[in-house]
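**Q** A single structure is presented below for examination.
The values are calculated or read from the model by the stated rules, or taken from the named source; none is laboratory data. Note that the structure is predicted; figures quoted are calculated from it, not measured. Here the Cβ positions follow ideal geometry from the backbone for every residue, glycine too, while neighbour counts run over all protein chains shown.
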Amino acid sequence: MKVNDTLANATRAAHDVGLAAWLGGAMFGKFAHNPSLRKITSHTERGSVSNAAWNGYNPINAAGLGAAALGWGAARLTEAHPEELTGTERTLSRVKDGLMVTAVVTGIASGTLGARLARQAPDGAVPVESGTQPAAETPPEAAGLQRGVGALGTVNIVTGVALVATNAVLAQTNHSHPAKRRALLRPVTRNGGSPLWLGAAAGAVAALIDEARRRLT
């Protein structure tokens, strides 16, 4: 399917920026924000600050992941449709499909658990040791929720890194095999015709014309 270049570029940009915002937020939270909470003396204040920070970033997280998922979904219906891809691209795209679904499911689950954790105490002041580690006085339910958020955060990071890597390989494959070259190699197009077959047919017609010309001269 032919897509307007401006729309395709905007969709691709939204996908890439959204993926960067989501993965960047997850990595910053895991490796910088959560451990730094230990600098705060009060365990309840640690929880309050952590929940306030994540409540502030969660809309960006959700928007970023949503833009990435919608952008890829739109691409799969158009220029990234299986019939428009080479064999290698189809394999990579299926891998990306699985990673994208995993990212959305775990992202929603992580946000849901985080919201439940924040409601365990007024102003989100749940006593915690760090962003992902409960303190000795953390209530059992809150401790379980916190551990769940931590585990899902790890899954999100692994999934996000794999998504970015798959994206990079797909882009490089596209550069290495430009559209015209891929069109010649593609076995069958959507309407049943093959550019390679059409080329062979054109060659055969040209040969017949040349043979007829020779007989007439």
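**Q** Cβ contacts < 8 Å: first residue in contact (Cβ under 8 Å) with a residue 24 or more places away in the chain, restricted to the stretch 89-106; second residue of a type in the set (Ser, Thr, Tyr) and buried (at least 17 other Cβ atoms within 10 Å of the Cβ), any location; separation 6+ or different chain. Result?
**A** Qualifying pairs under 8 Å: Leu92/Thr166; Val95/Thr166; Lys96/Thr166; Leu99/Thr159; Leu99/Thr166; Thr102/Thr159; Ala103/Thr159; Thr106/Thr159.
**Q** Next up: List the residue pairs whose Cβ atoms are under 7 Å apart, where the first residue sits in the stretch 159-186 and is farther than 29 Å from Val104 by Cβ, the second is at pLDDT 90 or above, and the two are 6 or more positions apart or on different chains.
**A** none
**Q** Moving on to the next point. Pick from Val101, Val105, Val164, Val158: which is under 21 Å from Pro35 (Cα atoms) and assigned by TED's automatic domain parsing to the domain that holds Asn61? Spell out the reasoning first.
**A** Working: Val101 fails: under 21 Å from Pro35 (Cα atoms); Val105 fails: under 21 Å from Pro35 (Cα atoms); Val164 fails: under 21 Å from Pro35 (Cα atoms).
Result of the check over Val101, Val105, Val164, Val158: Val158.
**Q** Still on this structure, please answer the following. Please go through (1) modelled with pLDDT of 95 or more; (2) outside any helix (DSSP H, G or I) for Met1 and return the number of the only condition it doesn't satisfy.
**A** (1)
**Q** Let me ask something additional. Only one residue in Ala13, Ala32, Ala52 is in contact (Cβ under 8 Å) with a residue 12 or more places away in the chain and either assigned by TED's automatic domain parsing to the domain that holds Thr159 or not in a helix (DSSP H, G or I) (or both). Which one? Let's see the steps before the verdict.
**A** Details: Ala13 fails: in contact (Cβ under 8 Å) with a residue 12 or more places away in the chain; Ala32 fails: in contact (Cβ under 8 Å) with a residue 12 or more places away in the chain.
Going through Ala13, Ala32, Ala52 in turn, just one is in contact (Cβ under 8 Å) with a residue 12 or more places away in the chain and either assigned by TED's automatic domain parsing to the domain that holds Thr159 or not in a helix (DSSP H, G or I) (or both): Ala52.
**Q** Inside the stretch 127-143, can you point out the residues that are surrounded by 15 or more Cβ atoms within 10 Å (Cβ to Cβ) and small (Gly, Ala, Ser)? Show your work before the answer.
**A** Initial filter on the stretch 127-143 (surrounded by 15 or more Cβ atoms within 10 Å (Cβ to Cβ)): 127-135, 138, 142-143.
Within the stretch 127-143, Ser130, Gly131, Ala135, Ala142, Ala143 meet the criteria.
**Q** OK, next. Suppose we filter the stretch 81-97 for residues that are small (Gly, Ala, Ser) and either exposed (fewer than 14 other Cβ atoms within 10 Å of the Cβ) or at positive phi (or both); how many remain? Walk me through it before giving the result.
**A** Step one: list which residues in the stretch 81-97 are small (Gly, Ala, Ser), which gives 87, 93.
Subsequent filtering for residues that are either exposed (fewer than 14 other Cβ atoms within 10 Å of the Cβ) or at positive phi (or both) retains 87.
Of the residues in the stretch 81-97, 1 are small (Gly, Ala, Ser) and either exposed (fewer than 14 other Cβ atoms within 10 Å of the Cβ) or at positive phi (or both).
Conditions tested, residue by residue: (1) acidic (Asp, Glu); (2) within 14 Å of His15 (Cα to Cα).
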position	(1), (2)
Gly73	no, yes
Glu83	yes, no
Glu89	yes, no
Ser93	no, no
Asp97	yes, yes
Ala103	no, yes
Thr106	no, no
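**Q** Which condition number in (1) hydrophobic (A, V, I, L, M, F, W, C); (2) farther than 25 Å from Val161 by Cβ; (3) surrounded by fewer than 16 Cβ atoms within 10 Å (Cβ to Cβ) is the one that Ala20 fails?
**A** (2)
Matching residues to (1) farther than 30 Å from Asn4 by Cβ; (2) part of a helix (DSSP H, G or I); (3) at pLDDT below 95; (4) of a type in the set (Asp, Glu):
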{"site": "Pro59", "(1), (2), (3), (4)": "no, yes, yes, no"}
{"site": "Ala67", "(1), (2), (3), (4)": "no, yes, yes, no"}
{"site": "Ala80", "(1), (2), (3), (4)": "no, no, yes, no"}
{"site": "Thr88", "(1), (2), (3), (4)": "no, yes, yes, no"}
{"site": "Asp97", "(1), (2), (3), (4)": "no, yes, yes, yes"}
{"site": "Thr102", "(1), (2), (3), (4)": "yes, yes, no, no"}
{"site": "Ile108", "(1), (2), (3), (4)": "yes, yes, yes, no"}
{"site": "Gly153", "(1), (2), (3), (4)": "yes, yes, yes, no"}
{"site": "Ala171", "(1), (2), (3), (4)": "no, yes, yes, no"}
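Here is a yes/no grid of residues against (1) hydrophobic (A, V, I, L, M, F, W, C); (2) farther than 18 Å from Val161 by Cα; (3) in contact with a helix residue (DSSP H, G or I) (Cβ under 8 Å, 6 or more places away or on another chain):
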| position | (1), (2), (3) |
| --- | --- |
| His15 | no, no, yes |
| Ala52 | yes, yes, yes |
| Asn61 | no, no, yes |
| Ala75 | yes, yes, yes |
| Thr86 | no, yes, yes |
| Val95 | yes, no, yes |
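**Q** Moving on to the next point. If you check Ala136 against the conditions, is it within 30 Å of Lys96 (Cα to Cα) and of a type outside the set (D, E, K, R)?
**A** The answer is no for Ala136.
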